[in-house]
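Asker: Here you go, one structure.
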Amino acid sequence: MWSDKETNRDFLNFRAVAATAAEVIVQADGQALSLGISGGWGVGKSSMVKLIRTELDEREGQDFAFVEFNAWLYQGYDDARSALMEVIGTKLLEYAEEHEKPTTRILEFLGRVRWARAAGLAAGVAGSAMVGMPLPGVLGGLWDAFRGMTDGDVTSDDVDAAKKAGKEAADTGKGLVGEKKERPTPPKQIQELRDHFEATLKELNVTLVVLIDDLDRCLPATAIATLEAVRLFLFLDRTAFVIAADDRMIRTAVRAHFNFDVALDDDLITSYFDKLIQVPIRVPPLGTQDVRAYLMLLFIENSGLEKDRRDELRTAICERLGQTWQGKRVDAAFVKTLIQDCPDPLAARFDLADRLAPTMATAERIAGNPRLIKRFLNTLSIRMSIARAQSVTVDEQVLAKMLLFERCGHKDAHASILKAVAAHDEGKPVFLTPWEEALRKGEPAQGLRPEFNSDFAQSWLALDPPLGDLDLRAVVYVSRDHLPIITPKDELSSEAAALLAGVLAIRSGIGEQLVTKLRGIPTRETTQIMERVLGKARQIQEWGTPPILHAVLTVAAVDPEHGLTFARFLREVPPAQLTPAIVPLLSDKAWARTVLSHWGEQDDTPVPVKRAITANASRRR
C-alpha cells in the first residue's frame, strides 16, 4: 500500500521548483513575501510545500523559524485569524526556548493575541445568544446573569449570580490581557500587535516562514479570514508566507465572500488575489514520462530494496526526468539498467508502468494526478490481496487493465464486459477480440459500440494484454465492487439448472425424458436454457453432427417456438461451415424446412449439402 500523506521525498522531480521557491525567499532578504503554490486536488501541493521547507532547512547563513498551519483543522471550532496568530506565537516561543533567546516580547505578543481572541470570543457569544445556541464558558455565565436581571423579576439570587459572573469574567480578562487598566481602541490595538510582532522577529533575528496548507478545503469565510489575517496582522519584515491552495477555489471564495457587498467581475477578483499572493507558483502537470517515472518509483518504494538503494534510484530517476526534454526516456528499459539482477516481480511491475502510463496521463478521470495514481495502485494491491486470501489465481497485468477501465471507461461499456464474462462458458469477453486485433495493428476498429467509441476506450483496447480470449472470471470475482456477478445459471431454479446440465451432456439423439421434464418447468426457464445452449453452439465452426446439435434439438422439441429460435440461428450459420450430415437430422422438423430451402438457394452452400437437401426432399414426397 502507498500512503496518501504528503512527503518531503521527491517522487516527481519537483525539487527544482521547490529550490527556486526557496531561493526567492532567501533573496527577499527579510522583506515580507507571499508565495502561492497552486494546483488542483491531489497534484502534489502539500508535498511541494514540504520540499520548500526541506530546501530552506538546508540553506546556510540564514535562520528560519517554521510554522505549519492548517486552517481546515480549525474550521468550525475557532476563529481563523486568532488561531493563526496564536499558533505563530506558540511556535516562536518554542523556537526562542530551543535557541536560548529572549522570550519576553513573545510572551507579550501572545498576551495581545489572547486579547484579540477574547474579543472574537465575545462576538461569538453575542451571536450565539441571538440565535438561541448554548453560550461558552464564563461569558455565557455573564449573559445568563444579565438575562435573569432583565426578565422583569429581579431577585437576590439574580444579583448574586451577576456578581459572581462579573468577577469570573474580570479574573479571566486579567489572564487574557494582563494588568493594563486602559484598553486601546481596535486600530491602535492592531498596530501595537503588529509592532510587537515585528519587534519580536527582530529580537530573535530570524525569518519566520509560515506554511499554510489545505486552504482550498475551507469554507469561503475561513479561507478569506486566514488570508486577511496574513495581510492585516502578520505581513511584515522577516516574514514569508507559503500558501498552498487551488487558486480557482480561492477566487471562488473571494467572490462568495463579497457576494452581498459588491458585484465583482473577474478583473477585480484577480486584483484582490494578486494583492494577497505576490509570487504565484503552479505545480507542474504530469506528462507520460512523469507518470511512468512516478509509477516506477512507487513500485520501488514498496519493493524489498534497502532504503539507501531506493533513495539512490529515486535520485537517478528524477535526474533523468530533468533530461527528458532532450529526448531521453524514463521507461522500464532504463530503470532496469539501474538495478542489477532486478527481481522478476519488480521487473514485471516496471513493464506494467510502461504500458499504463500513456493512458493514465491522458485519461480524463486520472489525468496524471498523483493522488489518483496512488489510489489506483492501492485498489490494485487490495484486490491482489483478496485474491491471495481466497486462493484465487489472478494475473496482476490483466487485473490492472480491467481496473483502469473500471475507473476511466464508460459505465455501460464496463457493465457489458462483465455481462459478457458472466454469460460465456469460459468467462471470455469475446466481443472485444476483433476491436483489440484491429487497434493493436493501428487499424480502425469496425462496428465499435457507442460506449466504446472514445479515445480512452480505443487506447485501452490496444493495451497489452488483449482480453477478448482470456478467462476473466477470477478478475471479475475479486473486482466485484460495483456490480454483482450474475450468470445465466444463477437466474435458473435448481431444477432448471440440473436440466441444463443434462441437456449439455447429450451426445446423440434427442433426450425424450429430458423433453418431458423440460415441459414441466416454466417457459421462461426453457427459453433461458435455449439461450444458454445456443451460446455454446456459436462456438462451433463445422456443422455436421456436433454434440451440441443434439442438445439444441432436444430443447427445440419442447415447444415449436424454440424450434423457430433455432431456425433463425441456423440461417445465420455461414454455408461454408455446413456438411451433409446435418441435413437428415433436420429434414423431419417442420420448423427446419425454411432453413433447408434457404441453404439450397445459396450460391456458396457446398454441393454435397445441396444434394443431401434435394434427396431428403424427394423422400418426403
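Asker: Residues of region 31-48 being surrounded by 16 or more Cβ atoms within 10 Å (Cβ to Cβ) and closer than 19 Å to Phe235 by Cα, which ones?
Answerer: Ala32, Leu33, Ser34, Leu35, Gly36, Ile37
Asker: Right, another one. When region 362-373 is examined, which residues are found to be in a helix (DSSP H, G or I) and within 16 Å of Leu461 (Cα to Cα)? So that I can check it myself, show each step before the final result.
Answerer: Restricting attention to region 362-373, the residues satisfying the condition of being in a helix (DSSP H, G or I) are 362, 370-373.
Correct list: Thr362 only.
Asker: Next question. Just checking, does region 516-524 include any residue being under 15 Å from His550 (Cβ atoms) and outside the structural domain of Pro429 (by TED's automatic domain parsing)?
Answerer: Going through region 516-524, the residues under 15 Å from His550 (Cβ atoms) turn out to be 518.
Those still in the list that are outside the structural domain of Pro429 (by TED's automatic domain parsing) too: 518.
Yes, region 516-524 contains at least one residue that is under 15 Å from His550 (Cβ atoms) and outside the structural domain of Pro429 (by TED's automatic domain parsing).
Asker: So if I check each of Ala537, Ala557, which one is among the small types (Gly, Ala, Ser) and modelled with pLDDT of 90 or more? Even if it seems obvious, please write down each step before you answer.
Answerer: On the way: Ala537 fails: modelled with pLDDT of 90 or more.
None of the other options fit; the residue is Ala557.
Asker: Condition first: closer than 16 Å to Ala244 by Cβ and part of a strand (DSSP E or B). Now tell me which residues in region 42-85 satisfy that.
Answerer: Correct list: Phe66, Val67, Glu68, Phe69, Asn70.
Asker: Okay, next question. Please count how many residues of region 559-574 are under 20 Å from Thr614 (Cβ atoms) and either surrounded by fewer than 17 Cβ atoms within 10 Å (Cβ to Cβ) or touching a strand residue (DSSP E or B) at 6+ places or on another chain (Cβ under 9 Å) (or both).
Answerer: From region 559-574, those under 20 Å from Thr614 (Cβ atoms) are 567, 570-571, 573; that's our starting set.
Checking which are either surrounded by fewer than 17 Cβ atoms within 10 Å (Cβ to Cβ) or touching a strand residue (DSSP E or B) at 6+ places or on another chain (Cβ under 9 Å) (or both) leaves us with 570-571, 573.
The qualifying residues number 3.
Asker: Take the conditions modelled with pLDDT of 80 or more, crowded, with 17+ Cβ neighbours inside 10 Å and closer than 24 Å to Thr20 by Cα and apply them to Leu51. Does it pass? Can you show your working first?
Answerer: Values: modelled with pLDDT of 80 or more: yes; crowded, with 17+ Cβ neighbours inside 10 Å: yes; closer than 24 Å to Thr20 by Cα: yes.
Criteria met by Leu51.
Asker: Within region 28-84, can you find the residues that are more than 23 Å from Leu193 (Cβ to Cβ), free of Cβ contacts under 8 Å to residues at least 12 places away in the same chain and of a type in the set (Asp, Glu)?
Answerer: Asp29, Asp57, Glu58, Glu60
Asker: Yes or no: Pro580 in a helix (DSSP H, G or I) and either of a type outside the set (Ser, Thr, Tyr) or under 56 Å from the mean Cα position of the chain (by Cα) (or both)?
Answerer: When the stated conditions are applied, Pro580 does not pass them.
Asker: Among the residues of region 294-305, is any surrounded by fewer than 21 Cβ atoms within 10 Å (Cβ to Cβ), of a type in the set (A, V, I, L, M), closer than 19 Å to Trp2 by Cα and outside the structural domain of Gly42 (by TED's automatic domain parsing)? Show your work before the answer.
Answerer: From region 294-305, those surrounded by fewer than 21 Cβ atoms within 10 Å (Cβ to Cβ) are 298-299, 301-305; that's our starting set.
Of the ones still in play, those that are also of a type in the set (A, V, I, L, M) are 298, 305.
Going one step further and asking which of them are closer than 19 Å to Trp2 by Cα, we end up with 298, 305.
After this cut, where a residue has to be outside the structural domain of Gly42 (by TED's automatic domain parsing) as well, the list is 298, 305.
Looking for residues that are surrounded by fewer than 21 Cβ atoms within 10 Å (Cβ to Cβ), of a type in the set (A, V, I, L, M), closer than 19 Å to Trp2 by Cα and outside the structural domain of Gly42 (by TED's automatic domain parsing), one finds at least one in region 294-305, hence yes.
Asker: Further, regarding this structure: For Val125, which of the numbered conditions (1) β-branched (Val, Ile, Thr); (2) closer than 25 Å to Leu204 by Cα; (3) modelled with pLDDT under 80 fails to hold?
Answerer: The one condition Val125 does not meet is (2).
Asker: Could you list all residues from region 475-491 that are in contact with a helix residue (DSSP H, G or I) (Cβ under 7 Å, 6 or more places away or on another chain) and modelled with pLDDT of 70 or more? Steps first, please.
Answerer: So the first thing to find is which residues in region 475-491 are in contact with a helix residue (DSSP H, G or I) (Cβ under 7 Å, 6 or more places away or on another chain), and the list is 475-476, 478-479, 483, 485-489, 491.
Of everything in region 475-491, those that are in contact with a helix residue (DSSP H, G or I) (Cβ under 7 Å, 6 or more places away or on another chain) and modelled with pLDDT of 70 or more turn out to be Val475, Val476, Val478, Ser479.
Asker: Still on this model: For region 441-475, give me the residue count where each residue is among the polar types (S, T, N, Q), assigned to a helix (DSSP H, G or I) and over 18 Å from Val398 (Cβ atoms).
Answerer: To start, the set of residues in region 441-475 that are among the polar types (S, T, N, Q) comprises 446, 453-454, 458-459.
Narrowing further to those that are assigned to a helix (DSSP H, G or I): 458-459.
With the extra rule that they be over 18 Å from Val398 (Cβ atoms), the set shrinks to 458.
Total meeting the criteria: 1.
Let's see how each residue does on (1) touching a His at 6+ places or on another chain (Cβ under 8 Å); (2) closer than 26 Å to Leu461 by Cα; (3) at pLDDT 90 or above; (4) surrounded by fewer than 20 Cβ atoms within 10 Å (Cβ to Cβ):
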| position | (1), (2), (3), (4) |
| --- | --- |
| Ala333 | no, yes, yes, yes |
| Lys336 | no, no, yes, yes |
| Ile339 | no, no, yes, yes |
| Ala348 | no, yes, yes, yes |
| Gln390 | no, no, no, yes |
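Asker: Sticking with this one: Among the residues of region 538-549 satisfying the criterion of being assigned to a helix (DSSP H, G or I) and buried (at least 18 other Cβ atoms within 10 Å of the Cβ), which is nearest to the chain's Cα centre (by Cα)? Walk me through how you get there before you give the answer.
Answerer: Residues of region 538-549 assigned to a helix (DSSP H, G or I): 547-549.
Subsequent filtering for residues that are buried (at least 18 other Cβ atoms within 10 Å of the Cβ) retains 548-549.
Working: Ile548: 47, Leu549: 49 Å.
My answer is Ile548.
Asker: Could you say which residue among Val262, Val291, Val210, Val230 is modelled with pLDDT of 80 or more and outside any helix (DSSP H, G or I)? Step through it out loud before you land on a result.
Answerer: Details: Val262 fails: modelled with pLDDT of 80 or more; Val291 fails: outside any helix (DSSP H, G or I); Val230 fails: outside any helix (DSSP H, G or I).
Of Val262, Val291, Val210, Val230, the one residue that is modelled with pLDDT of 80 or more and outside any helix (DSSP H, G or I) is Val210.
Asker: Then there is this: Can you go through Arg524, Arg532 and tell me which one is among the charged types (D, E, K, R) and surrounded by fewer than 18 Cβ atoms within 10 Å (Cβ to Cβ)?
Answerer: Working: Arg532 fails: surrounded by fewer than 18 Cβ atoms within 10 Å (Cβ to Cβ).
Only one candidate qualifies: Arg524.
Asker: Looking at Trp591, is it in a helix (DSSP H, G or I), within 20 Å of Glu561 (Cβ to Cβ) and among the aromatic types (Phe, Trp, Tyr)?
Answerer: On the way: in a helix (DSSP H, G or I): yes; within 20 Å of Glu561 (Cβ to Cβ): yes; among the aromatic types (Phe, Trp, Tyr): yes.
In short, yes.
The values are calculated or read from the model by the stated rules, or taken from the named source; none is laboratory data. Since the structure is predicted, the reported quantities are computational estimates derived from the model, not experimental observations. Here the Cβ is made from the backbone with ideal geometry for all residues, glycine too, and neighbour counts use every protein chain on show.
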